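Reviewing the structure listed below.
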Amino acid sequence: MDEFLQSLIRGLGAGSIYALLALGFVIIYKSTQVISFAQPAFMLAGAVLVSYLSPAVSFVGAVLVAAVVIAVLALGVERTVLRPMVGKPVFVVAIITIGVDVVVRVVTNAFIGLDVRQVGDPWGLNTVSFLGAEVQQRYLVMIATTAVVTVALFAFFRYSRIGLAMRAVAYDQEVALAQGISVGSVFALSWALAGGLAALAGVFVATGAGVDQQLWIVALKALPAIILGGLESLGGAVVGGLAVGVVESLFGTYQGDFAPWLGPNFGLVAPYALMLLVLLVRPYGLFGKREVERL
């Protein structure tokens, strides 16, 4: 039972990272109908920035500053690189976000070097007793922080004027524009929010392990999460991220005992296998909106 609880908490912790990244993907997609492949670079940049700031300020302060800085960076990318592409095919804009990702990662890698940089988190690999099992503190912090951020985001979209405007743009851009809503401002804000979430996710990835040039690969696990939950569902992004983390962790713990014939590293591809199984039953994801076109 202790082993199961440890694996579950570890999976929920990793799933919290995927959920934060998936939220960023979905926020941008709902506003612009474009999947931003720049999220891995923003995640890496946020973690690196915290590694430089944490020796000078508190860890929490460094995380907040990094989230704001990366949010501004993402907003600047949207304004300067993507805003001129409004009206162009979605495929072209998505390819441009890949270019943004490469450029930001190359610049960020210059600040990493060949060594692993520490983000200065106060938990490291320390453990604490939770429901009778020894679990790493960082996983509990990840889960709690993601829960707070998710509730805050849902409240923002539900009750604030800007959040309502973003929901209106996500529903129908032309109608929102006719009602006096600045669609361009919504686009910029969606990128800023996604950038801040990516920075926070990057810090969590680096806690206990540090930052290296390969950290961005973790962000690829958010792709099965958003497809699993549904590209247009914020709640689906959270559920999908947590599900991916838990499945990955449980397979890593028990697959060697119950299904060794799958190979020693099947846990790494288990999220993608789960995604394929769900898509066979629900092509639009668990919470995706089915589109019906009339001919």
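Numerical summary
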item: Hey, Q39 open to solvent by 10 Å² or more (accessible area, probe 1.4 Å) and polar (S, T, N, Q) or not; result: no
item: Matching residues in the stretch 17-36 - criterion: being of a type in the set (A, V, I, L, M, F, W, C) and either modelled with pLDDT of 90 or more or crowded, with 24+ Cβ neighbours inside 10 Å (or both); result: I17, A19, L20, L21, A22, L23, F25, V26, I27, I28
item: Residue within the stretch 195-208 that is of a type in the set (A, V, I, L, M), open to solvent by 40 Å² or more (accessible area, probe 1.4 Å) and out of contact with any Cys (no Cβ under 8 Å at 6 or more places or on another chain) present; result: no
item: Test result for L164, within 17 Å of L21 (Cα to Cα) and either among the charged types (D, E, K, R) or in a helix (DSSP H, G or I) (or both); result: no
item: Close pairs from the stretch 110-130: first in contact (Cβ under 8 Å) with a residue 24 or more places away in the chain and farther than 23 Å from A67 by Cα, partner surrounded by 10 or more Cβ atoms within 10 Å (Cβ to Cβ) and among the polar types (S, T, N, Q), Cβ under 7 Å, at least 6 apart; result: L125/Q136
item: Sole residue being without any contact (Cβ under 8 Å) to a residue 60 or more places away in the chain, among the small types (G, A, S) and on the phi < 0 side of the Ramachandran plot, chosen from A237, A259, A219; result: A259
item: For A41: the one exception among (1) touching a residue at least 60 places away in the same chain (Cβ under 8 Å); (2) within 24 Å of A188 (Cβ to Cβ); (3) out of contact with any Lys or Arg (no Cβ under 6 Å at 6 or more places or on another chain); result: (3)
item: Helices (runs of 4 or more DSSP H) contained entirely in the stretch 218-289, each with at least 3 residues that are open to solvent by 60 Å² or more (accessible area, probe 1.4 Å) and within 23 Å of S7 (Cβ to Cβ); result: 234-258, 266-281
item: Test: residue in the stretch 171-179 that is assigned to a helix (DSSP H, G or I) and surrounded by 17 or more Cβ atoms within 10 Å (Cβ to Cβ); result: yes
item: Within the stretch 54-78, tally of residues that are within 15 Å of G210 (Cβ to Cβ) and either part of a helix (DSSP H, G or I) or of a type in the set (V, I, T) (or both); result: 2
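The values are calculated or read from the model by the stated rules, or taken from the named source; none is laboratory data. Everything numeric here is computed off the predicted structure, so don't read it as measured data. A quick note on method: Cβ atoms are made from the backbone with ideal geometry, for glycine too, and the neighbour counts reach across all protein chains shown. Side chains included, ligands, DNA and RNA excluded: accessible areas come from the protein's heavy atoms. Shrake-Rupley method; radii C 1.70, N 1.55, O 1.52, S 1.80 Å.
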